[in-house]
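Here the structure comes first, spelled out in structure tokens, and everything after it is commentary.
Coordinate-derived values only; no laboratory data. None of the values given here were measured: they were computed from a predicted structure. No Cβ is skipped: glycine too gets one built from the backbone with ideal geometry, and neighbour counts run over all protein chains shown.
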């Protein structure tokens with residue numbers, strides 16, 4: 001039985017969809033609050049109707065009580081008029097008896113109406129307690145719904161941010177770092193290669209220059225020596 005009730009509430013929240021997709025906490029809570037407000041409205045109508053019945057029963061009881069008193073007064077007046085000779089005692093007794101019959105009837109009606117009044121007032125108290133509970137539940141669920149919406153918004157935003165961060169770490173950042181590392185390694189290897197080549201060329205040039213510089217120095221030294229000997233007459 002509960003499953004049918006559950007399916008009915010889900011169908012009211014969002015029609016023409018699968019049950020699993022319908023069970024969204026926010027939509028279910030919103031539908032539940034709408035149901036409670038509908039129940040609250042019906043309970044208020046019932047409370048007004050029962051209160052009206054209680055008021056009517058009280059008024060009828062009061063009216064019957066007054067009529068009973070009035071018939072008793074009439075009976076007394078009839079007997080007094082008979083004592084004064086204004087009407088016959090036989091007629092007074094007959095009419096006074098009728099007044100007392102009506103008095104008892106109204107007393108009985110008043111008692112019935114008083115009992116109905118008490119019953120209706122008891123129903124009013126029960127309905128009033130239920131209405132207070134419904135109102136409290138509506139307020140509580142509205143607060144919970146507000147909190148639930150805020151939590152859902154935050155969790156969705158957090159999920160999206162975390163997903164983006166996860167995607168960046170697993171794809172963009174890591175792959176980009178790998179490409180940069182590979183490129184740097186390649187550039188470093190090329191730089192080292194060019195350095196080796198430059199080193200080889202520089203060594204050959206230095207050897208040639210050294211050889212040339214060394215020869216010219218020896219020639220200069222020999223020429224200077226010969227000039228010095230000639231000057232000395234050797």
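For a footprinting-style exposure proxy, rank 232, 89, 176, 28 by other Cβ within 10 Å, fewest first.
Going from least to most buried by this count: 232, 176, 89, 28.
FRET efficiency for the residue 151 to residue 34 pair, using the beta carbon distance and R₀ = 25 Å, is estimated at 0.75. Per-residue packing, averaged as other Cβ atoms within 10 Å, sorts the ranges 122-132, 59-69 into the order 59-69, 122-132, beginning with the highest. The ranking of 73, 37 from fewest to most other beta carbons within 10 Å of each one's beta carbon is 73, 37.
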